[in-house]
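One structure below.
The values are calculated or read from the model by the stated rules, or taken from the named source; none is laboratory data. Small disclaimer: the values here were computed from a predicted structure and weren't measured. When we count neighbours, we look across all protein chains shown, and the Cβ atoms used for this are built from the backbone with ideal geometry, even at glycine. Protein only, heavy atoms only, side chains kept; ligands, DNA and RNA dropped before computing areas. Shrake-Rupley method; radii C 1.70, N 1.55, O 1.52, S 1.80 Å.
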Amino acid sequence: MLTYIILIAVSLMISLSGNRVIMVGRNSIPAFSINGILQAVQYFMCICMVCTDYKKGRIISAVLIALSILLNIREIVFAHVLNSLPGIINLIVSLIGIEVLCRQFEIRENDIITDFLTKLNNRHGLIRTLNEKTARKDPFYVMYIDLENFKLINDNLGHRCGDAALMIVSDRIKGIVGSKGTLGRIGGDEFILILDHKYDPEDIAKEMISAISEKIPLSTDKTVVDCYVSAFIGIAEFPDDAADADTLIKLADIAMYHSSRNKESRISFFNSEMENELMRQMELERIIKESLDSNNFYLVYQPQYRIDSKQLRGFESLIRLKTSDGVAISPAEFIPVAEKTDLILKIDDYVIRRVLKEFKEPVEKSPCPFTVSVNVSAKNIASPGFAGRVEKMIEEAAFPAHSLEIEITEYCLVKSLDVTIDNIEKLRSMGVQIALDDFGTGYTSLSYLAKLPINLLKIDKSLVDDIETDDKSREFANAVISMGHLMGCEVISEGVENENQLSLLSGQKCDFVQGFVWGRPLEYNAALELCSSRPIYQMQ
């Protein structure tokens, strides 16, 4: 900067010299010639400043070049010296060149901080805005917005419709936010709003959820499809919750996750208990990884019986975890954590491989083949190539495929339905049986069910619990059993705990039961003893 100012000063002095000459040894050089050289150097220095910091460089270059132009004009007007005219033209062209260069830097910077689809701020733009606001110490809110069921649109209608839906949603949010804050999209179906502190974040959040939940008409190749999404929102406050941009986003994300998990409210304000919950999840991730490496997982097997004869149908494999220091961790705690990462894929593979290894010989030696069921996550059954991986494991273990049953949940049907059906059909072609678990928990439509080539329908325990005392529950269980038979499936009731429930289900023509009434989950050796002592149902 100092060098540039010195060059400008020298140039101005030369420009004021008019027609005078500069003596170099015995030679004389016109002053305006030296001035032209210096102007070229000045222009180069301007470019360097703009490349370093285009905002400051633009201002300084404009001021100094404008000053040079004015002084050169003064020389022409008052001294009637026209030698400065080419220099003025050169300076004007230089100023235009600098402005064009700055404009390109401005466009490039704007592209860097702008989401290409919605034209909102992207993560870089949001971080910059957050850093500016935290530096000013003014209080504000960070609101993390996650769309629910958006993936269904992408998977079933394609990414073109998904992009159109995002545009519609972002326009609706922008209409609510207006000048109240800064909105951005940080990727996929997630948005962040930096809200001024003078506005009520809960009121704004309710308005956004209401607008987002409205019908979204999307044009496909054949027709217009009405789609619906909703949102979960987490809120963190500056400076009460955190003092830097990254932490504020992380805490708002934690609060949003809390909303999506509990679903009691779609809006959550961050608190320290949520952070403790996150730390526990991180600890569980570490334990799961270590347990996969050190073989701390083990399986128990819950028997399944024919309801009218108490013949053994087979077993459902249930995973358990006991850490190296002997601490038992419930599947209800570690499975949800694993499902949020790819760890659930490793757990699924572990269970399948272990079941195939442990039951190969008992199945082959049994006079009647029995079935061993394995629960598979929605992420796995909805991933391309899952059926191929199972086929490879079956071949490696030389296990009879007809004795393996893959259990999927209704939730699988909201994740990549086409891929899920393709995997199921490939598994069925191998001879693997398919069971739909947790039926009646609220995810499945009959149109989806009709597309699934399943063998067994499992009635969820929550529907069995009240059949003794509640007429509606009893009628509903009866309807589910009839529906399963109508689809050509056998039906099993989970969580049957007493003889009264057993009698009612038998009267409703349920095919199989599992639960404490006839058997708790067994260790492997106890399961083998049961196979040898209990008559086995001859599968159809």
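By its C-alpha gyration tensor, with a ≥ b ≥ c as the square roots of the eigenvalues, how is segment 163-303 shaped: rounded for a/c under 1.5, else prolate for a/b larger than b/c, else oblate? Taking the square roots of the gyration eigenvalues as a ≥ b ≥ c, segment 163-303 is oblate.
Please give the length that would be gained between Arg128 and Ser230 if that part of the chain were fully extended, namely 0.36 nm times their separation in residues minus their C-alpha to C-alpha distance (nm, one decimal).
33.9 nm
If you take all other residues with their beta carbon under 12 Å from the beta carbon of Ala328, and give Lys and Arg +1 and Asp and Glu -1, the sum is 0. Taking a ≥ b ≥ c as the square roots of the Cα gyration tensor eigenvalues, segment 216-295 comes out oblate, since a/c reaches at least 1.5 and a/b does not exceed b/c. Remark on segment 309-350: Rg and Dmax equal 13.9, 43 Å (Cα only).
Net charge in the neighbourhood of Val142 (other residues with Cβ under 9 Å of its Cβ; Lys, Arg +1, Asp, Glu -1) is -2.
Projecting label points 7 angstrom from Cα along Cα→Cβ for Glu468 and Lys56 puts them 8.0 nm apart. Note on segment 51-133: the C-alpha convex hull projects to 7.2 nm² when averaged across all orientations. Shape call for segment 476-523 from the C-alpha gyration tensor, a ≥ b ≥ c root eigenvalues: rounded (a/c under 1.5), prolate (a/b greater than b/c) or oblate? Oblate shape, in that a/c is at least 1.5 and b/c is the bigger or equal ratio. Distances between placed amide hydrogens fall under 5 Å for Ile536 paired with Leu312, all partners being 5 or more residues away or on another chain. The apolar share of the surface of the chain, taken as the fraction of accessible area on carbon and sulfur atoms (1.4 Å probe, ligands and nucleic acids excluded), comes to 55 percent. Within the shell of other residues whose beta carbon sits under 13 angstrom from the beta carbon of Ile212, the net charge comes to -2, with Lys and Arg scored +1 and Asp and Glu -1. Each Cα pair of segment 300-377 feeds into the Kirkwood radius, which the Stokes-Einstein equation turns, at 4 °C and 1.567 mPa s, into a diffusion coefficient of 91 µm²/s. Phi angles of segment 352-366 translate, via the Karplus equation with coefficients 6.51, -1.76, 1.60 and θ = phi - 60°, into HN-Hα couplings of 4, 4, 5, 4, 4, 5, 6, 9, 4, 5, x, 5, 5, 7, 5 Hz per residue; Gly and Pro are given as x.
Checking the Cα-Cα distances for Lys119/Lys198; Lys392/Lys426; Lys310/Lys509; Lys289/Lys379 against a 20 Å cut-off, the pairs over it are Lys119/Lys198. Coordinate range of the alpha-carbon atoms in segment 277-337 per principal axis, descending: 49, 24, 16 Å. Under a 5 Å amide H cut-off, with hydrogens placed 1.01 Å from N, Asn375 pairs with Ser317, Glu407 among residues at least 5 apart or on other chains.
With the biggest extent put first, the Cα atoms of the chain measure 121, 53, 49 Å across the principal axes. Think of it as helices only: each DSSP H run of n ≥ 4 in the chain is worth -39500 (n - 2.57), and spread over all residues that comes to -17500 deg cm²/dmol at 222 nm.
Against the chain, whose longest principal axis comes from its Cα atoms, helix 85-112 is set at around 10 degrees. Compared with the dominant Cα axis of the chain, that is its longest principal axis, helix 272-294 is turned about 60°.
Principal-axis analysis of the Cα atoms of the chain puts helix 471-486 at an angle of about 90° to the longest axis.
Accessible surface for the chain, divided over its residues, is 49 Å² per residue with a 1.4 Å probe.
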